[in-house]
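Participant: Structure incoming, see below.
Where a number appears in this text, it was derived from the coordinates with a stated rule and is not lab data. Just so you know, these numbers come straight off a predicted model, no measurement behind them. Reconstructed Cβ throughout: ideal geometry from the backbone, glycine too, with neighbour counts over all protein chains shown.
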Amino acid sequence: MYLVDTNILSAGAPSRVAPAELIAWMDEHSPALFLSAVTVAEIEDGIAKLRREGATRKAADLTVWLETLLHLYGSRILPFDTAAARVAGMLSDRARAQGKAPGFADIAIAATAKYHGLTILTRNLRHFKPLDVPALDPFTALPS
């Protein structure tokens with residue numbers, strides 16, 4: 001089972017072209033795919049920035065896309081709750097001990113994945129490497 005990072009999900013956003021093989025794989029494996037509430041926050045942040053900058057059409061398109069994702073993933077959107085926050089604290093210290101600072105969003109996504117026993121699907125493997133959480137880049141090779 002997998003936690004889909006924001007950069008993988010965003011590859012399928014309007015005006016973007018994700019590899020057809022990846023889209024097909026995600027459709028086929030949909031029940032095994034989860035999102036973090038942090039990903040929802042990152043997408044909402046991007047939409048808000050577009051609105052503020054006057055890109056209302058693009059913001060509206062992304063809002064419709066996000067609403068579709070929220071409907072499709074439904075109960076498979078995992079919260080960043082107290083249990084995940086405790087894991088995040090440990091992961092943050094692990095990264096800091098290695099001289100790395102992946103950023104709070106990636107730490108929170110990694111903690112959510114670790115707490116739920118999920119592998120992260122991401123294009124940013126280097127962000128997750130110091131966190132010692134399983135991660136795969138589906139743009140390089142689709143999971144088996």
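Participant: Could you derive backbone 3J(HN,Hα) for segment 110-125 from the dihedral phi with the Karplus parameters 6.51, -1.76 and 1.60 (θ = phi - 60°), listing whole Hz in sequence and x where the residue is Gly or Pro?
Facilitator: 3J(HN,Hα) across segment 110-125, in whole Hz: 4, 5, 4, 4, 4, 4, 9, x, 10, 9, 7, 9, 8, 8, 9, 4.
Participant: I'd like to compare 98-108, 115-125, 24-34: which one has the highest average count of other Cβ atoms within 10 Å, and what's the full order after that?
Facilitator: Going by the mean number of other Cβ atoms within 10 Å, highest first, we get 115-125, 98-108, 24-34.
Participant: Now a separate question. For volume of the Cα convex hull per residue in Å³, several values are listed as (1) 110; (2) 100; (3) 151; flag the one computed from this structure.
Facilitator: Computed from these coordinates, volume of the Cα convex hull per residue in Å³ corresponds to label (1).
Participant: Please list, or write none, the lysines whose alpha carbon is within less than 19 Å of the alpha carbon of Lys114, excluding same-chain residues fewer than 8 places away.
Facilitator: Leaving aside lysines fewer than 8 places away in the same chain, those within reach of Lys114 are Lys100, Lys129.
Participant: Using the alpha carbon gyration tensor of segment 84-130, what are the three equivalent-ellipsoid semi-axes (square root of 5 times each eigenvalue), largest first, in whole Å?
Facilitator: 15, 13, 8
Participant: Still on this model: Taking H as built 1.01 Å from N, whose amide H comes closer than 5 Å to the amide H of Leu78, not counting residues under 5 places away?
Facilitator: Leu35, Ser36, Ala37
Participant: May I pose another question? Using only alpha carbon pairs under 8 Å that are at least six residues apart, calculate the relative contact order of the chain and give it in whole percent.
Facilitator: Over the chain, the number comes to 30 percent.
Participant: Let me ask something else. Suppose only helical runs count, i.e. DSSP H with n ≥ 4. What mean residue ellipticity at 222 nm does that imply for the chain under -39500 (n - 2.57) per run, divided by all residues and rounded to the nearest 500 deg cm²/dmol?
Facilitator: Result for the chain: -17500 deg cm²/dmol, rounded to the nearest 500.
Participant: Restricting things to alpha carbons, tell me how big segment 38-99 is in terms of Rg and Dmax, in Å.
Facilitator: Rg, Dmax (Cα atoms, Å): 15.9, 44.
Participant: Can you give me the long-range amide H partners of Leu136? Hydrogens built in the peptide plane at 1.01 Å from N, cutoff under 5 Å, separation of 5 or more residues or another chain.
Facilitator: Result for Leu136 returns Ile120, Leu121, Thr122.
Participant: If you don't mind, there's one more thing I want to ask. Which angle between 0 and 90 degrees, to the nearest 10, do you get for helix 37-52 versus the longest principal axis of the chain when only C-alpha atoms count?
Facilitator: 40 degrees
Participant: Give me the one-decimal nm value for the distance between modelled label points at Ser30 and Asp93, 7 Å along each residue's Cα-to-Cβ direction.
Facilitator: Between Ser30 and Asp93, the label points sit 4.2 nm apart.
Participant: Something else: Under 28 Å Cα-Cα from Lys58, which lysines qualify once same-chain neighbours fewer than 8 residues away are excluded?
Facilitator: Lys58 reaches Lys49.
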